[in-house]
């Protein structure tokens, strides 16, 4: 086991149309990790905040959380967002489920991870 510097000769990002959770990285992080979803966090914008690069492992726990969202009242604001905050009114259980389903569809075919970049 080790942690070595490796030279990157090619790094190409292609972004899909999915854009969600404006300024809510910390809440999304809490929502996923408190439901046992495994996330690797890279410090793209400094390690003092949650904005940067994420790799979310597509595991049974992620699928279980998505399934759980499907059993909750769809129009209710997700419990990780403040229902009294007008900026959070769109973050319903249905919306969160749809976003996570979309993320799973766009996972990397080789590694099986979902790559998220907050910008």
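The table below gives the values:
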read-out: Selection status of residue 7, under 17 Å from residue 116 (Cβ atoms) and out of contact with any helix residue (DSSP H, G or I) (no Cβ under 8 Å at 6 or more places or on another chain); value: no
read-out: Any hit, region 74-86, residues being in a strand (DSSP E or B) and more than 19 Å from residue 18 (Cα to Cα); value: yes
read-out: Subset of region 43-64 [within 11 Å of the chain's Cα centre (by Cα) and at pLDDT 90 or above]; value: 54, 55, 56, 57, 58, 62
read-out: Criterion: more than 16 Å from the chain's Cα centre (by Cα) and buried (at least 19 other Cβ atoms within 10 Å of the Cβ) - qualifying residue of 77, 96; value: 77
read-out: Matching entry among 62, 100 (being part of a helix (DSSP H, G or I) and in contact with a strand residue (DSSP E or B) (Cβ under 8 Å, 6 or more places away or on another chain)); value: 62
read-out: Residues being in contact with a strand residue (DSSP E or B) (Cβ under 8 Å, 6 or more places away or on another chain), in a loop (DSSP other than H, G, I, E, B) and modelled with pLDDT under 95 - total across region 1-40; value: 3
read-out: Check on residue 101, surrounded by fewer than 16 Cβ atoms within 10 Å (Cβ to Cβ) and modelled with pLDDT of 95 or more; value: yes
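The values are calculated or read from the model by the stated rules, or taken from the named source; none is laboratory data. Since this is a predicted model, take the numbers as computed values, not measurements. Cβ: placed from backbone, ideal geometry, glycine included. Neighbour counts: every protein chain shown.
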